[in-house]
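Step one of this worksheet: look at the structure below.
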Amino acid sequence: MTDLTLRLEGICKSFGSLSVLKDVDLDVNKGETKVLMGPSGTGKSTLLRCINLLDPPDTGRIWLDGREITAKGINVDEVRSSIGMVFQDFNLFTHLTALDNVRIGLVRVKGVDKKTATDMAMEELRRVDLAEKAASYPAQLSGGQQQRVSIARALALKPRLILFDEPTSALDPELTGEVLKVMSRLAEDGMTMVIASHEIDFARSAADEIVFMADGRIVEKGPPDVMFTSPQQVRTRDFFRRIGERH
Amino acid sequence: MTSFFEYAIEIAPVLLRGASMTLQIVALAIVLGIALGVLVGLARVYAGRTAYAFCTVYVEAIRGTPLLVQLFLLYFGLPSVGIYISSFWAAVIGMGINSGAYQSEYFRGAIQSIRSGQMLAARSIGMNRRQAIQSIIVPQMLRRALPSWSNELMYMIKYSSLAYMIQTPELMAAAKEMSAQTFRTFETFLLAGLIYLVIVAIVSRALMSLENRIKIPGL
Ligand SMILES: Nc1ncnc2c1ncn2[C@@H]1O[C@H](COP(=O)(O)OP(=O)(O)OP(=O)(O)O)[C@@H](O)[C@H]1O
Ligand SMILES: [Mg+2]
């Protein structure tokens with residue numbers, strides 16, 4: 001129990017009459033990297049947005065570090081500040097420099113004084129190899145650089161957990177490497193991460209567990225070598241064969 | 001009869017005093033208009049249904065009626081219900097309320113053009129709605145609204161001449177008075193027009209440099 005960072009129990013979510021998540025259970029231990037895979041429209045993004053309560057589940061319960069965050073009376077803003085989120089299309093604040101993008105959460109949300117926040121933000125930019133771009137605006141950065149800044153923005157708040165929603169899908173193929181490298185390094189450093197991604201090679205090397213979802217349910221999960229070579233379920237096998245062919 | 005040039009110098013003090021009044025009215029009205037415009041623009045996007053309905057009625061009522069009618073209501077109409085305001089303040093308040101309705105539409109449009117991911121990202125780092133609006137939405141909104149907002153200011157400088165109809169001693173009123181005294185109508189209004197032109201030119205230059213200054217690099 002001590003090192004259980006995230007626990008999902010019976011998560012259900014519908015949009016109108018469309019039932020998107022159907023009774024999803026998932027445990028993530030501290031330091032673990034879980035990669036969510038599955039066909040488009042399966043509910044991976046929805047699940048991630050349930051976890052940080054951007055789009056709270058209809059039913060089901062979520063615990064973060066042993067505290068139930070779906071309980072009544074929970075301060076959702078505070079919960080979100082302890083869960084990082086990295087989006088497919090980066091969503092950097094367009095009117096702020098890279099440094100300010102990373103710093104603003106520290107100053108506005110955590111109330112850190114400006115000087116300390118600047119040092120902390122620079123530290124995070126160094127971690128994603130972008131210290132020299134601190135003064136650049138998002139529009140002056142490549143997609144890969146923008147995504148690394150957004151990882152630094154998530155890291156700056158010292159989150160318990162970081163969620164990634166297809167962090168490399170919007171990038172040109174030659175730019176995915178630099179982002180995946182940073183993510184692999186985070187995995188090695190013991191960051192707890194839940195990642196929706198179709199990057200097989202990255203998942204093979206960085207994931208502790210592959211979680212295969214289809215139609216709003218977790219169909220099967222297991223270590224990458226097992227999941228990619230000998231999955232139990234037909235749907236899993238078909239899916240990995242198909243994305244294997246595309247590679 | 002003196003030459004046009006001599007005449008211009010002769011009536012310049014009167015016209016410039018009027019112009020100074022024009023500038024005061026415009027400055028105060030535009031500030032009132034920004035305050036109203038930002039509040040109403042934000043309310044129509046983010047506030048609840050009641051506030052939305054209330055703001056919509058305000059915007060539509062103002063945009064659907066002539067500015068002159070609004071000014072007359074304030075200056076000639078209110079006294080009949082026991083409220084008296086000076087012609088100066090009637091002009092400021094009338095033009096401010098009028099401009100606020102138009103400005104709110106520029107601000108609302110600007111907010112709606114901001115990608116939804118900006119709000120999402122702000123919430124994801126733990127900002128509450130108010131913080132996200134203040135730190136992320138408003139700065140981007142102001143930048144995006146600036147070009148249409150600049151037009152609004154230009155219009156206001158010119159439409160402020162309507163204030164002469166409620167007896168505010170601004171530039172237009174000064175010109176009217178001078179022409180009545182001297183009967184040199186054409187030259188007097190030509191001069192008034194030139195003064196408006198100079199004001200508009202200076203303000204538009206200033207706004208252009210402001211636009212450049214707050215431009216986001218790379219965008
Ligand atoms: N806000 C919403 N309103 C209505 N329907 C939604 C909303 N968000 C998602 N959906 C629907 O929920 C289903 C799951 O969407 P979701 O984005 O979670 O899938 P996904 O697994 O992330 O897919 P992809 O691989 O394409 O990103 C889809 O059918 C989608 O159209
Ligand atoms: Mg998705």
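The modelled label-to-label distance for the pair B:Arg115/A:Asp201, using points 7 Å beyond Cα in the direction of Cβ, is 2.7 nm. Less than 11 Å Cβ to Cβ from B:Leu219, Lys/Arg counted +1 and Asp/Glu -1: what total charge do the surrounding residues give? Around B:Leu219, the surrounding residues sum to +3. Averaging the sequence gap over all C-alpha pairs within less than 8 Å and six or more residues apart, then dividing by the number of residues, gives chain A a relative contact order of 26 percent.
Counting only residues at least eight positions apart within a chain, or on another chain, the lysines with an alpha carbon under 23 Å from that of A:Lys34 are A:Lys13, A:Lys22, A:Lys44, A:Lys158, A:Lys181, A:Lys221. Considering only B:Ser99, B:Ser209, B:Ser160, the mean-square fluctuation computed in a Gaussian network model of chain B, springs between alpha carbons under 10 angstrom, is largest for B:Ser209.
Please report the relative contact order for chain B, taking Cα pairs under 8 Å with a sequence separation of at least 6, and give it as a percent rounded to a whole number.
Relative contact order of chain B: 29 percent.
Can you tell me the relative contact order of region B:74-148? Whole percent, Cα pairs under 8 Å, sequence separation 6 or more. Mind dumping the intermediate values first?
Working: 37 pairs, mean separation 21.6, N = 75.
This gives 29 percent for region B:74-148.
Take the Cα radius of gyration of chain B and divide it by 2.2 N^0.38 Å, with N its residue count; two decimals is plenty. Don't skip to the end; give the middle numbers.
Details: Rg = 20.8 Å, N = 219, 2.2 N^0.38 = 17.1 Å.
Its radius of gyration relative to the 2.2 N^0.38 Å reference: 1.22.
Here the simple spin-label model places points 7 Å from the Cα toward Cβ, and for B:Asn212 and A:Arg241 these points are separated by 6.4 nm.
Nearest 500 deg cm²/dmol is fine: what mean residue ellipticity at 222 nm does the protein assembly as shown get from its DSSP H runs of n ≥ 4 alone, each adding -39,500 (n - 2.57), divided by its residue count? Mean residue ellipticity at 222 nm (helix-derived): -18000 deg cm²/dmol. Here the protein assembly as shown yields Rg over Rh of 1.15, to two decimals, using C-alpha coordinates and the Kirkwood radius. Can you tell me how region B:89-148 classifies by the Cα gyration tensor, rounded, prolate or oblate, using a/c under 1.5 as the rounded cut? Prolate is the answer for region B:89-148, as a/c is 1.5 or above and a/b outweighs b/c.
Work out which helices of chain B, taken as complete DSSP H runs, extend at least 20 Å along their axis over the Cα atoms and score a mean Kyte-Doolittle of -0.5 or more, then list them. Provide the component values of the computation, followed by the final result.
Details: long enough: B:4-46 (58 Å, 1.66); B:49-63 (21 Å, 0.47); B:87-113 (39 Å, 0.21); B:138-159 (28 Å, -0.19); B:185-213 (42 Å, 1.30).
Taking the DSSP H segments of chain B (at least 20 Å long, mean hydropathy at least -0.5), we get B:4-46, B:49-63, B:87-113, B:138-159, B:185-213.
Sorting B:Ser87, A:Ser230 by the number of Cβ atoms found within 10 Å of their own Cβ, with the fewest placed first, yields A:Ser230, B:Ser87.
First check a/c for chain A, with a ≥ b ≥ c the square roots of the eigenvalues of its C-alpha gyration tensor; if it is under 1.5, answer rounded, and if not, answer prolate when a/b is larger than b/c or oblate otherwise. Note, shape of chain A comes out oblate. Magnitude of the charge dipole for chain A, about its Cα centre and with charges confined to Cβ atoms of Lys, Arg (+1) and Asp, Glu (-1), is about 400 debye.
Using the Cβ atoms and a cut-off under 12 Å, what net charge is assigned to the surroundings of A:Asp25, where Lys and Arg are +1 and Asp and Glu are -1? The partial results should precede the final answer.
Details: positive: A:Arg7, A:Lys22, A:Arg61, A:Arg217, A:Lys221; negative: A:Glu9, A:Asp23, A:Asp27.
Local net charge: +2.
No value in this document is a laboratory result; all are computed from the given coordinates. Since the model is a prediction, treat every value here as computed from it, not as a measurement. FYI the Cβ positions are ideal-geometry reconstructions off the backbone, even for glycines, and counts take in every protein chain you see.
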